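The values are calculated or read from the model by the stated rules, or taken from the named source; none is laboratory data. Note that the coordinates shown come from a computational prediction; the quantities given were computed from them, not determined experimentally. Note that each Cβ is placed from the backbone with ideal geometry, even for glycine, and that neighbours are counted across all protein chains shown. The area values use the complete protein model at the heavy-atom level, side chains included, leaving out ligands, DNA and RNA. Shrake-Rupley method; radii C 1.70, N 1.55, O 1.52, S 1.80 Å.
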Amino acid sequence: MDNTNHQEHISSYAELFGTWAALILLTFLTVFISVFGGDLHTLTVAMALFIASVKAAVVGFYFMHLKYDKKMYRLMMTVVLSLFTFFLFMVILDYLTR
Amino acid sequence: MNHTFTLPNSGHNFDAKASKLGMWLFLYTELLLFGGLFLVYMVYRYLNQEAFLEASYELNVWMGGINTVILLTSSMTIAMSITALQKGDKKLSVTLQWITIAAALAFLVIKYFEWGAKFEHGLFPGMEHYNSLPVGERLYYYLYFFMTGLHALHVIVGGVFIMVVIKKVENGSVNQKRYSLLENSGLYWHLVDLIWIYLFPLFYLIH
């Protein structure tokens, strides 16, 4: 059994700060689009969800260290997201075809 | 005869890989829990588009935005505390964890004022004004309180988790060589952040 952590990669402070800066920038962007682009409607919702997903990916890859960890965590994440996408697809199929 | 059962490495049951994998498995179930709620939101929003839009104007974008910035910043500080411990700087690691907890408290205080304003307007499910609203708006507030409430519960749990880790870093059982618990509390905290990243646009920014 493994008695200590064997970490190959240590995230640098600079990288974490850069990640934070990117996330803050994306937050400002999404708020800006929502507040000043109110008449775009569906497009604003799509943009908001798109930006949220980019932010989620940034948090996952850098803060949660998925980028540097073993492939297995990314693989399992893909399985979970596929499962959710399947649920989403089934629900959309149901409600949009009524 | 005295039979004592001893594990192969008694007293040293530390398995970094298994511990992290376990945490991730838990986080996957959390994602599906909130995922289900997002599906509920999607369906009701699709069926009550105008009402959801109308109700969303009641929320304060700036308060939600400030809370987003607070959570993102706390995510950075907890990630940095792991780096600090990995580099052997125990003091900095603990300081960064306290900053994360302070951010959690700030988030909850802002949430308290936000919810308080809704209560004053009688928008909590069951209140008189709430009962007089059209169905779509009632669904919106119901989902708002349930989803942000469940998220706030996660913020509290995350904060307590980090406090436990601080204790363990201070007494040395979580250290430069064994930091799995800190890493796991970080993963949990990032999940809290991750969910808010979706809650914020869906409730505050949809207009």
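Structure above, values below:
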| read-out | value |
| --- | --- |
| Calculated SAXS-style log₁₀ I(q)/I(0) at q = 0.19, 0.26 Å⁻¹ - segment B:36-106, Debye, Cα scatterers | -0.80, -1.03 |
| Volume per residue of the C-alpha convex hull in segment A:12-67, rounded to whole Å³ | 51 |
| Of B:L108, B:I82, B:L143, farthest towards positive along the dipole that unit charges on Lys, Arg, Asp, Glu beta carbons give the protein assembly as shown | B:I82 |
| A versus B: buried accessible surface, summed, Å² (probe 1.4 Å, to nearest 100) | 4800 |
| Share of carbon and sulfur in the accessible heavy-atom surface of chain A [1.4 Å probe, %] | 75 |
| Mean separation of Cα contacts under 8 Å (6+ apart) over length of segment A:12-67, as relative contact order % | 43 |
| Contact order relative to length of chain B, as percent, for alpha carbon pairs under 8 angstrom and 6 or more apart | 32 |
| Helix-only [θ]222 nm of the protein assembly as shown, DSSP H runs n ≥ 4, -39500 (n - 2.57) each, per residue, nearest 500 | -26500 deg cm²/dmol |
| Electrostatic dipole magnitude of the protein assembly as shown [Cβ: Lys, Arg +1; Asp, Glu -1; Cα centre; debye, to 20] | 960 |
| For segment A:8-15, Karplus couplings with θ = phi - 60° (6.51, -1.76, 1.60), whole Hz, Gly/Pro x | 7, 10, 10, 5, 7, 4, 4, 5 |
| Unit charges at the beta carbon, dipole of the protein assembly as shown: most positive-side option, B:L33, A:V59, B:S173 | B:S173 |
| Cβ charges +1 (Lys, Arg) and -1 (Asp, Glu), total dipole of chain B, debye | 1000 |
| Residues of the protein assembly as shown: accessible area per residue with a 1.4 Å probe, Å² | 50 |
| Calculated diffusion of chain A, Stokes-Einstein form, Kirkwood radius summed over Cα pairs, 10 °C and 1.306 mPa s, µm²/s | 97 |
| Lys/Arg +1, Asp/Glu -1 at C-beta; segment B:1-114 dipole; positive extreme among B:L72, B:V61, B:G22 | B:G22 |
| Cα-Cα separations in the protein assembly as shown greater than 30 Å, expressed as whole percent | 37 |
| Exposed-loop-free span, longest in chain B, where chymotrypsin sites (Phe, Trp or Tyr not before Pro) count as exposed if DSSP calls them loop and at most 16 other C-beta atoms lie within 10 Å | B:58-207 |
| Karplus-derived 3J(HN,Hα), 6.51/-1.76/1.60, for each residue of segment B:56-71, Hz, glycine and proline x | 5, 5, 5, 7, 9, 4, 5, 4, x, x, 4, 5, 4, 4, 4, 5 |
| Fraction of accessible area attributable to carbon and sulfur, chain B (%, probe 1.4 Å) | 67 |
